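Comments concern the structure below.
What follows is calculated from the coordinates using simple rules that are stated; it is not laboratory data. All of these numbers come straight from a predicted model, not from anything done at the bench. Reconstructed Cβ throughout: ideal geometry from the backbone, glycine too, with neighbour counts over all protein chains shown.
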């Protein structure tokens, strides 16, 4: 008898539930979901089957459609805490990731307290909506929209063999890439470990597969011993991470290196012969191809974009003459960075001015956008939101993804 | 203007969509909106007062009323209230709020939790 009563109550509750939820048009429920953070909505897939279907299909489609329509294609990373002046110590700083919107607004995706040396964090690269962040001591990979956040295992020095000197490390470049063949994300570090006062050591590459249960750094000894200028960044395209190095100290010739994410081999690519070698060019991605952005200081100052086509050949595709833009900044300072966006714009950000220049490559028009206060350290990077997951499903089911942390709002 | 359907409502006496109680809550809103449009904080307080004791079921009726009356600001406001009420709450809390029951098999739900394991942490206590 008691059982019958319980069943009746349940039935009544369900009836209320059904009338409660079903009477609200789906469009309005979606409207409510859109006012929540994406990670909250993803969690609500577990509420019931109807919600699972609604969120998995309609909501996800709507969310990313709106995201694509409204976003400028640029992500902003800002450490909003005070800059620490003690460069050896780690401090927790609040780090904020936002997406620049068309019309100049900013959509905040994530704010998280992250430990950083000297309070200095920078975004190294972003691919498939995942972001790679580091202070050259710790390495983080995360998806700011879904909240998945992975702290990579520490890359520890080996001690000096003589046990007297301290092993020091110089990191030249860090890269983040994805291989569609193996469906894996990897982080690479170009570095040199050396004992103090003894600099006979080789430049090496350390590689780690992100989000895998076998989570440890592998060192590749055999790497071109070029001179690497840090800060030029890397580009990942079609399962390859590209970076640049000076292969000849005196002539300043550069070489483009291609690191295959799947098989972890390196090959060399000769850049276009016309590039000006006084200033290291920038690598970027345009129209689905690797491109080199070079500042030409010879006769007329100009910005040249070379695209890499078949067989690793280069084509000079676009030229912008400095005189056409009548802008008063120093194009050829080493710190001027150039990057291409998927919407056909070129970002120029010289250190000397606060705003960033957005050049439309096809129409050759430009606009200046102020991005936050220049007192904070800012990273700007091409970015589009996605649902990409860092840890592969296999590892999740075997619960071996030990480094996964929650993003605590 | 904002109230295209209100005229229709008053004309149509056999209207079942909007009960009187709800109408008294929803209809004064536009005037209040216009009065304190500039002052966002005051609006927020007014909104808090208005909905402090409203149960989820009432909220549903308010939403449906605002939708029927084609009153976008009110609809947006009520949706925002629901969103704030369930923001960062556990799945169970949200189920109770909407009066829903889980119709998953036990294994299925567990699999789902594992798929988005990181999103289940840092959730408010019920």
request  = Taking the Cβ of each residue in A:158, A:56 as the centre, tally the other Cβ atoms inside 10 Å and list the residues starting with the fewest.
outcome  = A:158, A:56
inquiry  = Suppose R0 equals 25 Å. What FRET efficiency, 1/(1 + (r/R0)^6) with r the Cβ-Cβ distance, do residue A:238 and residue A:69 give to the nearest 0.05?
reply    = 0.40
request  = Given the peptides B:59-65, B:84-90, A:29-35, A:161-167, arrange them by the average over their residues of other C-beta atoms within 10 Å, most packed first.
outcome  = B:59-65, A:29-35, B:84-90, A:161-167
query = Label-point separation (nm) for residue A:216 and residue B:76, each offset 7 Å from Cα along Cα-to-Cβ?
reply = 5.6
Number of partner chain Cβ atoms within 10 Å, mean per residue of B:81-89 = 5
ask   = If one computes P(r) from the Cα atoms of the range A:32-167, what percent of pairs lie at distances over 28 Å?
value = 34
inquiry  = Taking the beta-carbon count within 10 Å as an exposure proxy, list A:152, A:109 from fewest neighbours to most.
reply    = A:152, A:109
note = Most exposed to least, judged by fewest other Cβ atoms within 10 Å, A:134, A:216 sort to A:216, A:134
inquiry  = Using the basic label-point model (7 angstrom from Cα toward the beta carbon), what is the residue A:387 to residue A:151 distance in nanometres?
reply    = 2.9
inquiry  = What distance in nm lies between label points placed 7 Å from Cα along the C-beta direction at residue B:111 and residue A:192?
reply    = 5.3
